[in-house]
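Inspection log for the structure reproduced underneath, given as structure tokens.
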Amino acid sequence: MPLWYVYIIRSATSPEQDYIGATADLKRRMADHNTGKSTHTAKFTPWELMWYSAFPDKHRALEFEKYLKSHSGRAFAKKRLT
């Protein structure tokens, strides 16, 4: 089974801008972010990968992504992950 990844990227031109996402193909997803193919991140290119973690299945990855996007998850990520 393929791994799923949860990741945090930061804009190189606007370092206050972070984005949290999940994907099965991290290299392709980073390319999408940096070429403007993602509408949520297009205006802050280029992006740098700050942190990622691999998960054994999609469900666990999406649960952790949802947590990181919550208020307490963002505080955790800021203090411990980036």
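Name every residue in segment 24-80 that is modelled with pLDDT of 95 or more and among the hydroxyl-bearing types (S, T, Y), in order of residue number.
Hits for segment 24-80 are T35, T41, T45, Y52, S53, Y67, S70, S72.
In segment 19-45, what residues are closer than 18 Å to D57 by Cβ, assigned to a loop (DSSP other than H, G, I, E, B) and in contact with a strand residue (DSSP E or B) (Cβ under 6 Å, 6 or more places away or on another chain)?
Within segment 19-45, just A24 meets the criteria.
Contact list please: Cβ distance under 9 Å, first residue in segment 47-69 and more than 17 Å from A24 (Cβ to Cβ), second residue among the aromatic types (F, W, Y), pairs at least six apart or on different chains.
Qualifying pairs under 9 Å: W47/Y19; M50/Y7; W51/Y7; Y67/F76; L68/F76.
Looking only at segment 47-60, count every residue that is surrounded by 15 or more Cβ atoms within 10 Å (Cβ to Cβ) and more than 11 Å from the chain's Cα centre (by Cα) and tell me the total.
2
Is it fair to say K43 is charged (D, E, K, R), free of Cβ contacts under 8 Å to residues at least 40 places away in the same chain and more than 14 Å from I8 (Cα to Cα)?
When the stated conditions are applied, K43 passes them.
The values are calculated or read from the model by the stated rules, or taken from the named source; none is laboratory data. Since this is a predicted model, take the numbers as computed values, not measurements. Don't worry about glycine lacking a Cβ; one is built from the backbone with ideal geometry, like all the others, and counts go over all protein chains shown.
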